[in-house]
Structure formats: C-alpha cells, structure tokens
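The values are calculated or read from the model by the stated rules, or taken from the named source; none is laboratory data. Keep in mind the model is a prediction, meaning the values are calculated, not measured. Methodologically, a virtual Cβ is constructed for each residue, glycine included, from the backbone with ideal geometry; neighbour enumeration extends over all protein chains shown. Just the protein is used for accessible areas: all its heavy atoms, side chains included, with ligands, DNA and RNA removed. Shrake-Rupley method; radii C 1.70, N 1.55, O 1.52, S 1.80 Å.
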Amino acid sequence: MGTAVIYGTSVAALRAAANIGKLGHRVYIINEGRYLGDRPSQLLYRKPRTICNTCLRFVLRRMPHVEIIHNASITGYEKKNGGFRVKVHYRESDVNERKCIECDRCLETGLIRAYRRPMGGNAYLVDWDKVSDPSALEGACPTGALNPRPAEKDLEIDAGAVLLSPDCTPEDDAALADFGYGKAPDVVKVTEIERWFSGTGPELEAFVRPSDGRVPDKVAYIVTPGLKGRDLSVGFEPFVNALENALSVKRLKEDIEITFFVRDLLLYGKGQWELLKKGLSKGIKIKRVDDIDVQGLEISWDGKSSEFDMIVLSPSSRPPERNRRVSEIFGLQLDERGYLVTKEDEPIETEIPGIFVLGEAAGHLTYIESLNDGAAAALRASRFLGEPEVKGQSLPPLLDIKEVDEPRTTVHLCKCALGDLDVDEVVRRIGEIDTVRSVKVSEFLCLEEGLKGLRETATDGETSRIVLAACSPWERGLFLQNKLRSFGFPISLTDIAEVRDMGVFPHAGEPAEAVVEKVIDLVKLSIEKIKFSLPYDQPLEGIVRRAVVIGNCIAAYKAALEITERGIEVLLLDPSEEDEVLASSSGKELLKAFKKGIGEKGIKVYKPAEIISVDGFVGHYRVSFRADGEDHDVEVGAIVIAGAGRKELPSELKELSHPGMVSFERYDGRTGEKGVTFFLPGVLSAGSRSTFTREGIGEVLRRATELKESNREIPVRVLYLDTPVFGKYADLEARARKAGVEFIPYWHEPGPSFAVDGETIKISYYDDRTGEKKELVTSILVPYPVIRPDISVSKRLSELLGLEIDDDGFFYYREDPYEEINAKLAPNDLGTNGIFLTGFAKAQKDLEGLIVDSEASAFEASVVLSKEKQPPQSGWVVSYTDFRKCAGCGFCVDACTYDARFIDPERKVAVVREILCQGCGACEAACPSGAAKLRVMNAKSLLSVVDKIT
Amino acid sequence: MDKFEPKILGFFCNWCTSSAADLAGTSRLHYPPNVRPIRVWCSGTVDTSYVIRGFLEDADAVVVGGCHPADCHYINGNYKARRRIKLLKTIFETLGLGEDRIYLKWISASEGVKFVREMTKITEETRAKGKSPLAGRWDI
C-alpha cells in the first residue's frame, strides 16, 4: 500500500505530493483541470507573477513516480485490504506532458493552442471546436505526445492514504458588481494587475486604465472581505496581497495617490506589520471602514465620498465547490461555510484513519500555514504507506575517461532544436571546430533513438567530452545529463548548448547565416566550458543520524516525537525553567500526551539545559550543554530549534497598579459599574511584532461574549488593534458583536495609555477610524498576557548558531512566500545547513499552527537525516582549492556565503567543506592567486570561452 | 555596405537571467542574435578579467546579468557583481576606454520580456556606437 492519492492542486496538495514523492512512495495527483495551474487556487491569490512554477514542475518532473491525472475527479472509494480503493474518472489528456517537448510543431495544424505560462513552460491543448476529423491530428506531433482521440476512462487506485485538498473557488465576478466590477471598465481585480505585470515584471506602461490607456493618478484599493455583507473570514491574505501590489505600483510612480478601504487588516503572518508600516511610510492611506458604497468610480464611506481614476479590488474566495461532493463520497462533515471538517483538536486528521483534509479545503489559511499543512499531511500519510516502492537509483561507477593529448568531444545535435536551419550545414560547421571528433544527429535526443545514441557515445571509450546541442537545462538538458551519468559518464564532462531556446527560437525571421553563426558559437562555448573540467562525481558525505531539539514550546515535544518515529535518535533540550509554551490553555492535555509519548519512546529530556557551545555543520554538529549539574557533549546531524518563551503583562501596563486590573488568566468574572475592558495588546505593542495568537483572540472573544450575555447592563469592551480572525475565529467575533460587546479599535502610533482614576482606570487612545484622541473609563481592565520569546535563550542560540533574531527574540526566517525558498516549498529549512526552525522560534502561532509546524519541520529534518551519506545541495558543482597556489589569505573564506571554506590552521590553506558548498563560484572570483576553483566551468574555461567566441 | 553587426558577450547567471533567456525562447519572443549568452552559476563569479578579455578579443559590448538585488539565488552574489562591475566601469571611464559598453542588468527568471527588451536595446545602442576600439589592443 505504498501509494497515496491526492485530490486537488492546491499549494498544500502539491507540497504534500512533493514530500511524499521524496520519500519514494507512488503518488497520484487527481487534477480537475486540464493542466497544472488551470484551476484557480490559493497560488493565484498570491502573486502569480512571482510564484515560480519552474521549481515545482522541476521537483515533480524529477519524480516519475508522482503522476498527475488531468481532467479527473474521484467518483467513489471503498476500504480494501487495510487501505482504500479509490475510483477515479478522467478524460485522457490531449497532450502527454512527459512526452511533449514543446517544439510547437503541432501548432502548424491550427488545431492546437499553446498556453504560454508566465513561469515554467507551455501547456498545449487541442481546440476541439475546430477539430472535425481527429485524424487531422495524427502525425501532428513528432514525439507521439498528442492524443487525437482522448477517451473517457475509469481507474481504480489502491492507496494507503488519501489526501483531500480541492482548490478553492474564486468569488463570482457577478457578485463583485457590488463594487462596480463589470460596470465601469476601470474597476479591476488585483489578480488582473498581476497578470498585466506577468512576464514583464511591474512596468508603468502596463499599469494603465483599461478605458483610456492612461496611467491613473488616484487609485483606490478595496479589500472586499467584510464589506457589503461579505464574510470577513474568507480570503487568502487579501489585504497583504493588495498591499504588495500597491507597493509595486508606488515603486513605478511615487506620486500615484493610493487609498485602501478595508474592514479589518487581517495581518497575521510574520513581517506583515512591517509591510503595513512600509506602505504607510510610502504615503499609502488606509481607511478602515464598516462599509462602503461604490458608484462608477466614486466611493462613499462614513458620510464622505471621493472620486478615483481607478478602483482595484482584492476579492475574497469561496470554499471549494468540490468539497460537497468530497464530503458525500467520503462521508465527511462540512461546516456551515462549506469547509471539510477535521477531527476535534486534530488538524488535517479526519474520522477515517488514512484520510486527510488539508489546505484550502479545510478553511482559510495563510500561505505558510497551507504549505505547512502539506508537509504535515505528508508526514501523517506516510505512516499509512508502508515501505517506499521507489528506491533511490543506484548509479554505476564512473567510467575511466582517458585523455591522450586533448579532449575529444562528441557533439549530439538534436534536430528538434534546429527548427528550419540547414542541418547538414550546421553539422559541417560543428565538425570543423577543434577537438570535435564526431557530430551525431538525432531526430529527438530525448527519445529512445536519441538516448540509444547517447549510451553508445558514453561507452565508446573514445569520447572524453559530450556536448548536447539541444534545448535548455530545465527543459530536457538536465534529464539528458543525468542519463549520461546513468551510463557511467561523468556529468562534469558534459554540457548543454542551448541551441534551441537561446539560438533558434528567439531569432525566428533573422537571416539564416546569423542564426547558424550563433548556433555554432553556442556549441563552441559549451565545448570550451568543459575543456578543462575533470571527471568528477558528486561528493557524498557521511552524516550523524541523530538530532537535537531545543525549546520549551509544545512544538519541541511534538517534533522530538515525530523525528523519533522515523527511526532517528533525538535529544530534547529545554533551555528554560519556565512552563512550556502552549499557545492557549487547550494545549495542556496535548502536552501531557506528548510527554507520555516521550517517556515511552525513551527520548532523553534535559530541563533546564544550558547550551554551552555548538560547533560544526550539517551532518556533524557538536552540541555541549550543562544539565542536572553535569556537562554533556553530543554529536548530531541536525538541530531543530523550537524556541523558548515566557508569559508577561503587556509593557504598557507594567507601571500600572490598580485593583481593577486583573490578568486574563486570573480573571474571575468580576464586574463594575463602568464595565469591563478586555485589552488585546496588539501586534505592535511596545515595538513588538506579534505577541498573541489567533487562538488567544478566540479565548478573549469567547470570554467577553459570555460576560456580556450574563451581564447585559454593563458595558463589555474589547480594546484592540487588529483582530486577524479569519477562518473559524471569525464566528466568535460575529457572536461577540451580536451579543453587544463593543469593539474599540485603536491606532498604534502612539498606542493607548492607562492611568489610575480613583476607583476606575482611564484609557486614552487614538481612534483607529477617525484619528481623534479619545478616552474611556473602565472599572475592570483585563489584559491578555503576551507570550514573549525568552530573549536570553534566543540571543544565546543566535550567537552560537550565527542566526539572526528580531527585536522580540523570534528567529528571522524567510516566511515571505514570494521568496524563492518557498517556491521550493521548504519554509522551515534555513538553506540545508541542518538547522530547522519550528513553532515558537519563528513567530506566534495558534495551537494548530504549532503542531502542524512542528510536523513540517520534523519531516524536513528527517529527510536530511534519512540517509547515511548525503551529497551537497548543488550536486556535482563544488569548488576546490589548488593547494600549490593557495596563500592562505582567507579572501575566499570571506567571500563564501555558506561557510563552506575555512583556513586549515596547520597547513595554512583554504579547505572546502564540500557538503556546504553551493557552487556559486564567489570564492573563485575572490581568490587573488587562482587557487580557489570550481570543479566545472572555472576561470580557465571561461576565459577560453571568451577567446573562442569573440 | 552591410550594416555593422556588433558582437556582444553576455555572462548570465544560471538562476535568473539565463532562465529569462530560456523563457524568452520557449515563449517564442524575438531579439537580435548578436548576443552570445554564457551561462555562469552566479553573476558573483564573473571576474573582471573575463570582461576585459572579452573586449580585447573583439567584443563590442559585455553584459552581466544577475538576479534582482535581494533576490540572489546565492544570497549576495549579485552584490559582489555590482561592486566589481562598478569598479571596472570607473576604471574604464577614467582611462577613457568606453565604460558605456559594459552593462549590468538584473533580469529575473520570469522577465522573459525584459530580457528581450534589454538585449534589443543593447544591440541597437552598440550598433550605433560602432566597433569597439579596444579589440585587439593587447598593448594597453
């Protein structure tokens, strides 16, 4: 039962697929769309421009055991042999993606349309309306990827686990007419602007009014959730997305006046407050409104109104329409909004063991929460999948490549790459190049006949360099290079001449001689690039299969358990004497259960443990610590930091002493004539970025509602800055408002101040909507405590590990989903240096968030520790030192961003830790003596390239 | 007389600018064939000697292409390139060698259109400037 079925192409689904695939299990992704990316999902609500499908396609393409079935839906399932038999109905794809080489020849029939995706290649679909006779499609594709008669088919898959994550449904365009969409041409959606920018990056020429092509001077952004009767809770970070977009518009033209209309800010992710502050500093105006009215391009709110040049909508989305069908098939509950319900207090899990609900199917999550959901679901599902089916490919030893005098190069020319060029002419010209011993031509290098040719060349005993004159690395090039390696030929002695994507395709219509000239130069430069390379395989380094988890967060306990579960020894170091960080009181029971598990598994827990030193690098860290009066010293391969925290009063109240002030935990329901005010200290309290959790807000809302319901006559207030209560917490807010709890939003600069006023407490604050200074008097003040990172622990760890922390003591990491690290779907990994952040180390999270996060990072740490030997991330591209030339100056050590170089204290030369090297070549450029070099494509070869082609 | 066709040397980083070039190709965008693209791992590995050698060896312009600032695949390689190229341009300017023939461009993997525009512009500008006077001047 090593197979997993994943329904949907949401970010959570794709990340789960990548992770389960990584473990070697077979995965079927059931995609309702015609190609990957056809269906709208959370991905599209983020910036479609910068989310790099290339990486994702690359990840999935590298795993042939991850299969995507398009035009498909699940029609039924039954329990069978301890697993599930999943019934799938699908229509065969028009185009087999694995066979398609994007040569565009099928377009000549005029029956096929190419969808040029802004990132990562094209999708081809048959325009069936135009096809009267399918036989016209026969022979249109040279590789047989085109299916002239796609059939409707049924498939039964025996699976050990089923992961359900249908994609969300976008808000109807018709409904957006509330804001003038579809009525006035200059009312557009933020995703539309992103599409205007797509492919070009933000450009002022692209940012124009659809009606008259003029760059607008005055733009309004409307964040629709919460307005015009909309649910506040449904949207994928709509404010943040719109703000990002507005900031890129501001960068294009600073004096464009931008005003936001929002119900609530809904800032929850880390760094989002910084984004807001950045927006404010750039002059973006934020109007928080209860509702607005839009007529044409005129917006009215709070009795005011203003005319704009353009209105940009950041819409909400709806729960996946497919959820209903899924709930019927699998007998799962839907909540009143239409989300699939997970088990009480158990995210991802359903009542049926082995069936999981994740990502946007289960509720509105932030992008990072969705990604973590995917990783955590992969980990949970893997327990139902048994032994992986796909074992790592074992590669043959490298062939002994003999070199007599100079390299003997064989050039493999792919006709697909040459288009209309005269093949004989190109072959003749290549044959004239120095060192070329033979030129071989294949119709398609990546198909059977071409690969056969490659095998012959690799093993002919004569060839010492192979140049693949074909498409590009991301297209088929790397595939071909890996094929050559599988025949025993060193990849370091091969190169891809990108004659198609850099030579032929972009120069259509140019004189043939000029194009041939360029093609020849491309081949020449590839030949020169590898002329001085050495036969070299990717290095492997042994690693210590043991991990240490550091922290007093509940995530630390969970992560320790999960890593142990995967057969890796774990030590848990709790650096704090304080109680564990739980996110909310409901975590107590869970923590108890985790501690019991830890006892049963025999995981050693040290509390309090003082970390004395950490040395080493991924695979080989040495951690020294003191606990129970003894010094310990342990060698580990990976370190998981879960953070340490402590509870305290909001700093605004530290000076205040009054019997009417009771902390939330001690609050016993007492009231007074002037009412009760709950104080949510706000994410910016005392310069702090995020000091309480959504769950904490939930607790306050619940308590305030109960209080108001039983004490109708006295005022109950919530003084707050922002209530990021999307998802299930939104209902609590609605209930509180209905019960009559007053919500008092304050503005953060300056924040509220508190003073004793006889029997009562006087609160002064600036009204968030009007900016007016206001005061209120309350009998009882109930502040919600903030849980802060234990700054001394954070500081110590940051010094020992060289990690950055923010002012609060949270560790800095790239949670920004626009960053590349997330495109690679690994937000917990700090660039594979073997250190993983989780839970409270990163930011405030609610209990679910902490648990899911701990599983996601446990997964990633386990992957690093899963094998006894690991290659560097960059594979065969690593640097080395020519010791004869090295002066030991250390320039390369300073230039290296990855600590991959150090000066050997005895020999006084620079030594490379290959497993850390990423192969960028910065050391080579920095080295004044020519001693630091890349193994492939080094200075000598590049200079020789320059010589040969200019 | 035939129009002067300049020879332009491009050092493009693997992750951003070279990918943009690929994208331009797979999207069937069009630019003049004068640029000889050399895929390097990172713009931070481009030594000034490659640029100088390029000019001496007949190149009429040299373009270094990397990831946008703060977006480098190798974290800060593009800043290294920026410092190096800035320095080289200053030297070229001081010695009157034509610093305007050295280009540094940030083109991300999604900016196929930008790649095309920049390459077209650089080709046109270089065509207008004519042959680089540095070609073959090993004596300087």
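Observations
- Taking all protein chains as shown and a probe of 1.4 angstrom, A:R325 keeps an accessible surface of around 100 Å².
- Degrees between helix A:847-864 axis and first principal axis of chain A (Cα, 0 to 90, nearest 10): 20
- Share antiparallel - DSSP beta bridges, the protein assembly as shown, percent rounded to 5: 45
- Sequence of A:S93, A:S314 from largest to smallest accessible area, 1.4 Å probe: A:S93, A:S314
- B:E5/A:D345 FRET efficiency (R0 60 Å; Cβ-Cβ; nearest 0.05): 0.30
- Within 10 Å of the Cβ of each residue in A:917-930, the mean number of Cβ atoms contributed by other protein chains is 5.
- Within region A:299-342: backbone nitrogen closer than 17 Å to the A:E257 label point (7 Å, Cα to C-beta): A:299-301, A:304-312
- Taking every protein chain into account, the 1.4 Å probe leaves A:R769 with about 70 Å² of accessible area, to the nearest ten.
- Here the alpha carbons of chain B define both size measures, Rg and Dmax, at 14.5, 48 Å.
- Estimated Rh, region A:409-529: Kirkwood, alpha-carbon pairs, angstrom: 13.9
- Solvent exposure ordering (accessible area, 1.4 Å, most first) of A:R251, A:R288: A:R251, A:R288
- In terms of packing, defined here as the mean over residues of other Cβ atoms within 10 angstrom, the peptides A:849-856, A:587-594 line up highest first as A:849-856, A:587-594.
- The calculated Kirkwood hydrodynamic radius for chain A is 30.9 Å, given to one decimal from all distinct C-alpha pairs.
- Highest average packing first - A:211-221, A:133-143, Cβ atoms within 10 Å: A:211-221, A:133-143
- Rough spin-label spacing in nm, given labels placed 7 Å along Cα→Cβ, for A:A734 and A:E156: 4.3
- A:K708, A:K415, reordered so the largest accessible area comes first (probe 1.4 Å): A:K415, A:K708
- With 0.36 nm allotted per residue and the present C-alpha distance subtracted, the A:E665-A:S281 stretch has 134.5 nm of extension available.
- Estimated distance in nm for a label pair at A:K80 and A:L649, the labels positioned 7 Å out from Cα along Cα-to-Cβ: 6.5
- Accessible-area value, A:E403, 1.4 Å probe, nucleic acids and ligands omitted, Å²: 90
- Mean per-residue shielding of peptide B:53-64 is 3, counting Cβ atoms of other chains within 10 Å of each Cβ.
- The base-10 log of I(q)/I(0) for region B:84-140, evaluated at q = 0.15, 0.17, 0.20, 0.30 Å⁻¹, reads -0.57, -0.70, -0.88, -1.18 [Debye formula, identical scatterers on Cα atoms, solvent excluded].
- Between A:A177 and A:A136, residue separation times 0.36 nm minus the direct Cα-Cα distance comes to 10.4 nm.
- If R0 is 45 Å, the Cβ-Cβ spacing of A:T459 and A:F883 corresponds to a FRET efficiency of close to 0.85.
- Gained length - A:V634 relative to A:E203, 0.36 nm times residue gap less alpha-carbon distance: 149.7 nm
- For region A:171-317: span of alpha carbons on each principal axis (Å, largest first): 37, 36, 28
- Taking every residue in A:505-513 and counting other chain Cβ atoms within 10 Å of its Cβ, the average works out to 5.
- Ordering of A:464-475, B:15-26 by burial proxy (mean other Cβ atoms within 10 Å per residue, highest first): B:15-26, A:464-475
- Helix A:587-601 axis versus longest C-alpha principal axis of chain A: approximately 50°, rounded to the nearest ten.
- For the protein assembly as shown, with all protein chains in place and a probe radius of 1.4 Å, 49% of the accessible heavy-atom surface sits on carbon or sulfur.
- Subset of A:K402/A:K869; A:K908/A:K933; A:K285/A:K762; A:K647/A:K762; A:K250/B:K80 violating a 22 Å alpha-carbon distance limit: A:K402/A:K869; A:K285/A:K762; A:K647/A:K762; A:K250/B:K80
- With both labels modelled 7 Å from their Cα along Cα-to-Cβ, the B:E99 to B:K129 distance reads 1.3 nm.
- Set of region A:899-917 residues, backbone N closer than 18 Å to the point 7 Å along the Cα-Cβ line of A:R622: A:902-907, A:913
- Per-residue ellipticity at 222 nm from helix content only, as computed over chain A with -39500 (n - 2.57) for each DSSP H run of at least four residues, stands at -7500 deg cm²/dmol.
- Degrees separating the helix A:694-710 axis from the principal Cα axis of chain A, which is the longest one: 30
- Modelled FRET efficiency - R0 30 Å, A:D537 with B:A70, Cβ distances, 0.05 increments: 0.30
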